[in-house]
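Okay, so here's the structure we're looking at.
The values are calculated or read from the model by the stated rules, or taken from the named source; none is laboratory data. What you see is a predicted model; the values in this text were computed from it and never measured. In this analysis, Cβ positions are derived from the backbone assuming ideal geometry, glycine residues included, and neighbour counts consider all displayed protein chains. These area figures cover heavy atoms from the full protein model, side chains too; ligands, DNA and RNA do not enter into them. Shrake-Rupley method; radii C 1.70, N 1.55, O 1.52, S 1.80 Å.
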Amino acid sequence: MPNVEVKQLTLGAKLAEDVFTALGGILFAKGTPLYEREVQFLEAFMIKQVQVEDSGGAGTDQGEPTTTKVDAPDASDKFTPAKPVFQESFDKAVSTLKNLMTRVQGGNNIPVMEVREVVTPVITEFQQQPQVILSLRRFAKMDSYAYEHAVAVGIISYMIAKWVKVPEKEWMQVALAGTLLDIGKTKIDRRILQKPGKLTPDEFEEMKKHTVYGYQIIKSSHGLSEGVALAALQHHEREDGSGYPLGLPGSKLHLYSKIVAVADVYHAMSSDRVHQKALSPYQVVEQLVQDSFGKLDPTIVRTFVEGITQFAVGTLVELSDGTIGKIVFTDRNHPTRPMVETGGKIVNLVEARHLSIVRVMEQ
(Lines give C-alpha, C1' and ligand atoms only; values in the text may rest on other atoms or scores of the structure.)
Protein backbone atom coordinates (compact mmCIF):
# COMPACT_ATOMS: atom_id res chain seq x y z
CA MET A 1 0.00 0.00 0.00
CA PRO A 2 1.55 3.32 -1.02
CA ASN A 3 2.30 6.05 1.50
CA VAL A 4 0.93 9.29 0.06
CA GLU A 5 1.59 12.85 1.06
CA VAL A 6 -1.69 14.39 2.22
CA LYS A 7 -1.14 17.34 -0.10
CA GLN A 8 -0.87 14.95 -3.06
CA LEU A 9 -4.05 12.98 -2.39
CA THR A 10 -6.53 12.56 -5.19
CA LEU A 11 -10.01 13.16 -3.83
CA GLY A 12 -11.91 9.92 -3.36
CA ALA A 13 -8.88 7.77 -2.52
CA LYS A 14 -9.67 5.24 0.22
CA LEU A 15 -7.55 4.68 3.30
CA ALA A 16 -5.76 1.35 3.47
CA GLU A 17 -5.17 1.67 7.23
CA ASP A 18 -6.77 3.42 10.19
CA VAL A 19 -5.41 6.92 10.79
CA PHE A 20 -4.62 7.88 14.39
CA THR A 21 -3.87 11.21 16.01
CA ALA A 22 -0.80 11.90 18.10
CA LEU A 23 -2.85 11.08 21.21
CA GLY A 24 -3.73 7.63 19.89
CA GLY A 25 -7.36 8.36 19.03
CA ILE A 26 -8.75 7.14 15.72
CA LEU A 27 -9.37 9.98 13.27
CA PHE A 28 -10.47 8.02 10.21
CA ALA A 29 -11.05 4.30 9.79
CA LYS A 30 -9.66 2.03 7.13
CA GLY A 31 -11.77 2.26 3.97
CA THR A 32 -12.80 5.89 4.51
CA PRO A 33 -12.88 7.83 1.21
CA LEU A 34 -10.93 11.08 1.41
CA TYR A 35 -12.60 14.21 0.10
CA GLU A 36 -11.96 17.90 0.83
CA ARG A 37 -13.37 17.79 4.35
CA GLU A 38 -11.35 14.71 5.32
CA VAL A 39 -8.17 16.27 3.92
CA GLN A 40 -8.84 19.38 6.01
CA PHE A 41 -9.01 17.24 9.13
CA LEU A 42 -5.80 15.40 8.25
CA GLU A 43 -4.03 18.72 7.85
CA ALA A 44 -5.59 20.12 11.04
CA PHE A 45 -4.23 17.15 13.00
CA MET A 46 -0.83 17.58 11.29
CA ILE A 47 -0.94 14.19 9.57
CA LYS A 48 1.63 14.35 6.78
CA GLN A 49 1.17 10.96 5.08
CA VAL A 50 -1.46 8.25 4.88
CA GLN A 51 -1.67 4.81 3.31
CA VAL A 52 -4.20 4.48 0.53
CA GLU A 53 -5.52 1.49 -1.37
CA ASP A 54 -3.55 0.62 -4.49
CA SER A 55 -6.67 0.99 -6.60
CA GLY A 56 -7.43 4.44 -5.18
CA GLY A 57 -6.65 7.48 -7.30
CA ALA A 58 -3.80 8.97 -5.29
CA GLY A 59 -0.35 10.21 -6.09
CA THR A 60 2.83 8.82 -4.56
CA ASP A 61 6.24 10.22 -3.83
CA GLN A 62 7.60 8.64 -7.01
CA GLY A 63 5.51 10.47 -9.56
CA GLU A 64 2.58 12.63 -10.48
CA PRO A 65 -0.80 11.97 -8.89
CA THR A 66 -2.85 9.45 -10.82
CA THR A 67 -6.26 10.35 -12.17
CA THR A 68 -7.99 7.01 -11.77
CA LYS A 69 -11.65 7.61 -10.99
CA VAL A 70 -12.70 6.57 -7.50
CA ASP A 71 -16.40 6.06 -6.90
CA ALA A 72 -18.21 7.89 -4.12
CA PRO A 73 -18.98 5.91 -0.95
CA ASP A 74 -21.29 2.97 -1.50
CA ALA A 75 -23.02 0.31 0.58
CA SER A 76 -19.74 -1.50 1.23
CA ASP A 77 -18.24 1.38 3.20
CA LYS A 78 -17.69 0.82 6.88
CA PHE A 79 -20.11 3.37 8.25
CA THR A 80 -23.11 2.82 6.03
CA PRO A 81 -26.28 1.65 7.77
CA ALA A 82 -26.69 -1.99 8.67
CA LYS A 83 -27.76 -4.02 5.67
CA PRO A 84 -31.18 -5.71 5.74
CA VAL A 85 -29.41 -9.07 6.04
CA PHE A 86 -28.46 -8.25 9.65
CA GLN A 87 -32.07 -7.39 10.46
CA GLU A 88 -33.13 -10.69 8.91
CA SER A 89 -30.52 -12.68 10.84
CA PHE A 90 -31.40 -10.90 14.09
CA ASP A 91 -35.16 -11.40 13.66
CA LYS A 92 -34.70 -15.06 12.77
CA ALA A 93 -32.48 -15.62 15.81
CA VAL A 94 -35.06 -13.97 18.09
CA SER A 95 -37.94 -16.00 16.68
CA THR A 96 -36.06 -19.31 16.86
CA LEU A 97 -34.77 -18.63 20.37
CA LYS A 98 -38.31 -17.88 21.54
CA ASN A 99 -39.44 -21.32 20.32
CA LEU A 100 -36.45 -23.03 21.95
CA MET A 101 -37.08 -21.33 25.29
CA THR A 102 -40.71 -22.48 25.20
CA ARG A 103 -39.42 -26.04 25.17
CA VAL A 104 -37.16 -25.33 28.16
CA GLN A 105 -40.10 -23.78 29.97
CA GLY A 106 -41.91 -27.06 29.46
CA GLY A 107 -39.24 -28.88 31.44
CA ASN A 108 -36.77 -29.91 28.73
CA ASN A 109 -33.01 -29.36 28.92
CA ILE A 110 -31.45 -26.61 26.82
CA PRO A 111 -31.00 -27.76 23.18
CA VAL A 112 -27.44 -26.45 23.14
CA MET A 113 -26.58 -27.25 19.52
CA GLU A 114 -29.74 -25.56 18.33
CA VAL A 115 -28.97 -22.46 20.38
CA ARG A 116 -25.49 -22.40 18.83
CA GLU A 117 -27.07 -22.58 15.38
CA VAL A 118 -29.26 -19.60 16.33
CA VAL A 119 -26.37 -17.48 17.56
CA THR A 120 -23.68 -18.25 14.99
CA PRO A 121 -25.20 -16.57 11.86
CA VAL A 122 -26.07 -13.34 13.65
CA ILE A 123 -22.59 -13.15 15.18
CA THR A 124 -21.11 -13.61 11.70
CA GLU A 125 -23.22 -10.76 10.32
CA PHE A 126 -22.44 -8.60 13.34
CA GLN A 127 -18.69 -8.97 12.86
CA GLN A 128 -19.06 -7.71 9.29
CA GLN A 129 -21.00 -4.66 10.51
CA PRO A 130 -19.78 -4.03 14.08
CA GLN A 131 -21.00 -0.43 14.00
CA VAL A 132 -24.56 -1.69 14.57
CA ILE A 133 -23.58 -2.12 18.23
CA LEU A 134 -24.32 1.61 18.46
CA SER A 135 -27.84 1.24 17.09
CA LEU A 136 -29.23 -2.14 18.16
CA ARG A 137 -32.28 -0.25 19.38
CA ARG A 138 -33.55 0.11 15.82
CA PHE A 139 -33.95 -3.69 15.52
CA ALA A 140 -36.15 -3.90 18.63
CA LYS A 141 -39.82 -4.78 19.02
CA MET A 142 -41.22 -4.18 22.50
CA ASP A 143 -43.28 -7.37 22.57
CA SER A 144 -40.23 -9.63 22.14
CA TYR A 145 -37.74 -7.67 24.24
CA ALA A 146 -36.68 -10.61 26.44
CA TYR A 147 -35.55 -12.67 23.44
CA GLU A 148 -34.00 -9.71 21.63
CA HIS A 149 -32.11 -8.94 24.81
CA ALA A 150 -30.80 -12.51 24.99
CA VAL A 151 -29.56 -12.47 21.38
CA ALA A 152 -28.04 -8.99 21.71
CA VAL A 153 -26.26 -9.80 24.99
CA GLY A 154 -24.87 -12.96 23.39
CA ILE A 155 -23.49 -10.95 20.45
CA ILE A 156 -22.02 -8.21 22.65
CA SER A 157 -20.52 -10.74 25.07
CA TYR A 158 -18.80 -12.45 22.13
CA MET A 159 -17.23 -9.16 21.05
CA ILE A 160 -16.11 -8.30 24.57
CA ALA A 161 -14.51 -11.74 24.90
CA LYS A 162 -12.46 -10.99 21.78
CA TRP A 163 -11.49 -7.54 22.99
CA VAL A 164 -10.35 -8.70 26.46
CA LYS A 165 -8.28 -11.48 24.87
CA VAL A 166 -10.27 -14.48 26.09
CA PRO A 167 -8.86 -17.56 24.25
CA GLU A 168 -10.60 -17.93 20.89
CA LYS A 169 -11.83 -21.44 21.68
CA GLU A 170 -13.98 -19.91 24.45
CA TRP A 171 -15.63 -17.12 22.45
CA MET A 172 -18.72 -19.16 21.60
CA GLN A 173 -19.12 -20.29 25.21
CA VAL A 174 -19.10 -16.64 26.27
CA ALA A 175 -21.70 -15.87 23.59
CA LEU A 176 -23.86 -18.72 24.91
CA ALA A 177 -23.38 -17.38 28.44
CA GLY A 178 -24.77 -14.04 27.29
CA THR A 179 -27.65 -15.61 25.37
CA LEU A 180 -28.66 -17.84 28.27
CA LEU A 181 -28.05 -15.45 31.18
CA ASP A 182 -31.78 -15.15 31.94
CA ILE A 183 -32.75 -18.76 31.17
CA GLY A 184 -33.81 -19.13 34.80
CA LYS A 185 -36.74 -16.78 34.18
CA THR A 186 -38.48 -19.71 32.48
CA LYS A 187 -39.10 -20.94 36.05
CA ILE A 188 -40.50 -17.63 37.35
CA ASP A 189 -44.26 -17.09 37.60
CA ARG A 190 -45.40 -15.31 34.43
CA ARG A 191 -47.56 -12.97 36.54
CA ILE A 192 -44.37 -11.64 38.12
CA LEU A 193 -42.44 -11.50 34.83
CA GLN A 194 -45.21 -9.61 33.04
CA LYS A 195 -46.38 -7.39 35.91
CA PRO A 196 -46.68 -3.83 34.53
CA GLY A 197 -46.10 -2.08 37.86
CA LYS A 198 -43.36 -2.21 40.48
CA LEU A 199 -42.70 -5.59 42.10
CA THR A 200 -43.45 -6.06 45.78
CA PRO A 201 -40.50 -7.03 48.03
CA ASP A 202 -41.66 -10.67 47.99
CA GLU A 203 -42.06 -10.66 44.22
CA PHE A 204 -38.59 -9.16 43.79
CA GLU A 205 -37.11 -11.87 46.03
CA GLU A 206 -38.75 -14.47 43.80
CA MET A 207 -37.45 -12.71 40.66
CA LYS A 208 -33.91 -12.80 42.02
CA LYS A 209 -34.10 -16.59 42.11
CA HIS A 210 -33.84 -16.68 38.31
CA THR A 211 -30.06 -16.63 38.76
CA VAL A 212 -30.10 -19.86 40.79
CA TYR A 213 -32.67 -21.49 38.51
CA GLY A 214 -30.52 -20.58 35.52
CA TYR A 215 -27.45 -22.14 37.08
CA GLN A 216 -29.36 -25.36 37.74
CA ILE A 217 -30.82 -25.55 34.22
CA ILE A 218 -27.44 -24.97 32.55
CA LYS A 219 -25.64 -27.45 34.82
CA SER A 220 -28.08 -30.17 33.77
CA SER A 221 -27.57 -29.47 30.04
CA HIS A 222 -24.73 -31.00 28.01
CA GLY A 223 -22.28 -28.90 25.98
CA LEU A 224 -22.08 -25.87 28.27
CA SER A 225 -19.07 -25.06 30.43
CA GLU A 226 -19.03 -24.23 34.13
CA GLY A 227 -18.36 -20.61 33.16
CA VAL A 228 -21.72 -20.43 31.33
CA ALA A 229 -23.54 -21.74 34.41
CA LEU A 230 -21.69 -19.33 36.70
CA ALA A 231 -22.51 -16.42 34.38
CA ALA A 232 -26.22 -17.18 34.83
CA LEU A 233 -25.73 -17.38 38.60
CA GLN A 234 -23.48 -14.34 39.02
CA HIS A 235 -24.43 -11.76 36.38
CA HIS A 236 -26.23 -9.63 38.99
CA GLU A 237 -23.31 -9.79 41.45
CA ARG A 238 -21.21 -6.64 41.73
CA GLU A 239 -17.53 -5.91 42.34
CA ASP A 240 -18.22 -4.38 45.77
CA GLY A 241 -20.34 -7.34 46.90
CA SER A 242 -23.62 -5.42 46.66
CA GLY A 243 -25.29 -7.72 44.12
CA TYR A 244 -27.26 -10.95 44.35
CA PRO A 245 -27.91 -13.84 44.93
CA LEU A 246 -24.87 -14.39 47.18
CA GLY A 247 -23.36 -10.92 47.58
CA LEU A 248 -19.99 -12.10 46.23
CA PRO A 249 -17.15 -9.61 45.65
CA GLY A 250 -15.38 -9.27 42.30
CA SER A 251 -12.52 -11.54 43.37
CA LYS A 252 -14.99 -14.44 43.62
CA LEU A 253 -16.71 -13.90 40.28
CA HIS A 254 -16.06 -15.86 37.09
CA LEU A 255 -14.73 -13.89 34.11
CA TYR A 256 -17.75 -14.86 31.99
CA SER A 257 -20.11 -13.34 34.56
CA LYS A 258 -18.15 -10.08 34.53
CA ILE A 259 -18.34 -9.93 30.73
CA VAL A 260 -22.05 -10.68 30.41
CA ALA A 261 -22.83 -8.22 33.24
CA VAL A 262 -21.41 -5.37 31.16
CA ALA A 263 -23.20 -6.56 28.01
CA ASP A 264 -26.45 -6.99 29.96
CA VAL A 265 -26.38 -3.46 31.43
CA TYR A 266 -25.36 -1.85 28.12
CA HIS A 267 -28.14 -3.40 26.06
CA ALA A 268 -30.81 -2.96 28.74
CA MET A 269 -30.08 0.74 29.22
CA SER A 270 -29.89 1.45 25.48
CA SER A 271 -33.24 -0.28 24.79
CA ASP A 272 -36.83 0.87 25.16
CA ARG A 273 -38.43 -1.08 28.01
CA VAL A 274 -41.79 -0.97 29.79
CA HIS A 275 -40.50 1.21 32.62
CA GLN A 276 -37.66 3.04 30.89
CA LYS A 277 -36.99 4.84 27.64
CA ALA A 278 -33.74 4.02 25.89
CA LEU A 279 -30.69 6.16 26.53
CA SER A 280 -28.14 7.07 23.89
CA PRO A 281 -25.26 4.55 23.70
CA TYR A 282 -22.97 7.40 24.72
CA GLN A 283 -25.01 8.15 27.80
CA VAL A 284 -24.98 4.45 28.63
CA VAL A 285 -21.22 4.02 28.31
CA GLU A 286 -20.68 7.07 30.48
CA GLN A 287 -22.87 5.39 33.11
CA LEU A 288 -20.86 2.17 32.68
CA VAL A 289 -17.67 4.10 33.34
CA GLN A 290 -19.19 5.45 36.55
CA ASP A 291 -20.35 1.95 37.54
CA SER A 292 -16.84 0.60 37.00
CA PHE A 293 -15.97 2.26 40.31
CA GLY A 294 -17.28 -0.52 42.54
CA LYS A 295 -20.05 -2.15 40.50
CA LEU A 296 -18.62 -3.49 37.23
CA ASP A 297 -15.14 -4.76 36.42
CA PRO A 298 -13.13 -1.64 35.44
CA THR A 299 -10.84 -3.42 32.97
CA ILE A 300 -13.74 -4.98 31.09
CA VAL A 301 -15.68 -1.70 31.07
CA ARG A 302 -12.67 0.25 29.77
CA THR A 303 -12.00 -2.34 27.05
CA PHE A 304 -15.67 -2.37 26.05
CA VAL A 305 -15.89 1.42 25.88
CA GLU A 306 -12.74 1.63 23.76
CA GLY A 307 -14.06 -1.15 21.53
CA ILE A 308 -17.53 0.27 20.97
CA THR A 309 -16.37 3.83 20.32
CA GLN A 310 -13.78 2.82 17.72
CA PHE A 311 -16.68 2.30 15.26
CA ALA A 312 -18.11 5.76 15.83
CA VAL A 313 -16.18 7.94 13.38
CA GLY A 314 -18.58 8.95 10.62
CA THR A 315 -21.69 8.23 12.69
CA LEU A 316 -24.49 10.82 12.67
CA VAL A 317 -25.62 11.83 16.15
CA GLU A 318 -27.99 14.27 17.83
CA LEU A 319 -26.60 16.50 20.56
CA SER A 320 -28.51 17.60 23.66
CA ASP A 321 -29.11 21.05 22.15
CA GLY A 322 -30.96 19.46 19.22
CA THR A 323 -28.24 19.88 16.59
CA ILE A 324 -27.28 17.03 14.28
CA GLY A 325 -23.65 16.31 13.53
CA LYS A 326 -21.12 13.70 12.47
CA ILE A 327 -18.47 12.22 14.76
CA VAL A 328 -15.10 13.02 13.21
CA PHE A 329 -12.65 12.11 15.96
CA THR A 330 -12.61 9.94 19.07
CA ASP A 331 -9.89 10.52 21.64
CA ARG A 332 -8.79 7.31 23.35
CA ASN A 333 -8.52 9.22 26.64
CA HIS A 334 -12.10 10.51 26.37
CA PRO A 335 -13.92 7.93 24.22
CA THR A 336 -17.42 9.03 25.24
CA ARG A 337 -16.75 12.70 24.42
CA PRO A 338 -15.81 12.76 20.71
CA MET A 339 -15.42 15.70 18.34
CA VAL A 340 -18.57 16.34 16.32
CA GLU A 341 -18.81 18.32 13.09
CA THR A 342 -22.05 20.30 13.01
CA GLY A 343 -23.03 23.37 11.01
CA GLY A 344 -19.56 23.68 9.49
CA LYS A 345 -17.77 23.79 12.85
CA ILE A 346 -16.20 21.27 15.19
CA VAL A 347 -17.66 20.80 18.67
CA ASN A 348 -15.22 19.15 21.08
CA LEU A 349 -17.42 17.47 23.69
CA VAL A 350 -14.44 17.16 26.04
CA GLU A 351 -14.54 20.95 26.34
CA ALA A 352 -18.28 21.50 25.75
CA ARG A 353 -19.31 19.67 28.92
CA HIS A 354 -22.83 21.15 28.77
CA LEU A 355 -23.51 19.06 25.65
CA SER A 356 -23.89 15.33 25.27
CA ILE A 357 -24.88 12.83 22.58
CA VAL A 358 -28.52 11.95 23.18
CA ARG A 359 -29.19 9.86 20.08
CA VAL A 360 -27.37 7.89 17.42
CA MET A 361 -29.24 8.65 14.21
CA GLU A 362 -30.82 5.90 12.15
CA GLN A 363 -29.30 6.29 8.70
Between E205 and Q290, what length in nm is gained on full extension when 0.36 nm per residue of separation is reduced by their alpha carbon distance? 27.9 nm
Looking at this model, which pairs from K169/K258; K187/K252; K98/K141; K169/K209; K219/K258 are more than 21 angstrom apart at the alpha-carbon? K187/K252; K169/K209
Which value, in debye to the nearest 20, describes the size of the charge dipole of the stretch 190-333 about its Cα centre when Lys and Arg Cβ atoms bear +1, Asp and Glu Cβ atoms bear -1, and nothing else is charged? 380
Taking Cα atoms, how many degrees apart are the long axis of helix 112-128 and the longest axis of the chain, rounded to 10 and kept between 0 and 90? 20
Any idea what Rg and Dmax come out to for the stretch 200-252 if you just take the C-alpha atoms, in Å? 11.9, 37
Selection of trypsin sites (Lys or Arg not before Pro), the stretch 244-307, meeting DSSP coil and at most 10 other Cβ within 10 Å: K277
Heavy-atom surface of the chain, accessible at 1.4 Å and reported per residue (Å²): 47
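Enter the mean projected area of the convex hull around the alpha-carbon atoms of the chain, in nm², rounded to one decimal. Write down the numbers at each step before the final one.
Details: hull surface 77.6 nm².
Seen from a random direction, the Cα hull of the chain projects 19.4 nm² on average.
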Long-range tail of P(r) for the stretch 309-363 (Cα pairs > 15 Å, %): 36
For the stretch 240-363, evaluate the Debye formula with one uniform point scatterer on each Cα (no solvent term) and list log10 I(q)/I(0) at q = 0.11 Å⁻¹, rounded to two decimals. -0.42
Just need log10 I(q)/I(0) for the stretch 276-337 at q = 0.14, 0.15, 0.25, 0.29 Å⁻¹, Debye formula, equal scatterers on the alpha-carbon atoms, no solvent, rounded to two decimals. -0.43, -0.49, -1.13, -1.30
According to the square roots a ≥ b ≥ c of the eigenvalues of the Cα gyration tensor, what is the shape class of the stretch 135-291, taking rounded for a/c under 1.5, prolate for a/b larger than b/c otherwise, and oblate for the remainder? rounded
When the solvent-accessible surface of protein heavy atoms is calculated with a 1.4 angstrom probe, in what order do Y158, Y213 fall, highest first? Y213, Y158
Heavy-atom accessible area of the chain with neighbours in place, 1.4 angstrom probe: carbon+sulfur share in percent works out to 52
Would you please classify the overall shape of the stretch 78-211 from the alpha carbon gyration tensor, given that a ≥ b ≥ c denote the square roots of the eigenvalues, rounded means a/c under 1.5, and beyond that prolate means a/b larger than b/c while oblate covers the rest? prolate
Angle check, please: helix 145-163 long axis (alpha carbons) against the longest principal axis of the chain (alpha carbons), in degrees 0 to 90, nearest 10. 60
If each residue of separation counts as 0.36 nm, what is the full-extension length gain between L11 and F45 once their alpha-carbon separation is subtracted? 10.4 nm
Helical mean residue ellipticity (222 nm; -39500 (n - 2.57) per DSSP H run of 4+; nearest 500) of the chain: -12500 deg cm²/dmol
Simple Cβ-charge dipole of the chain, Lys/Arg +1 and Asp/Glu -1, about Cα centre, in debye nearest 20: 1080
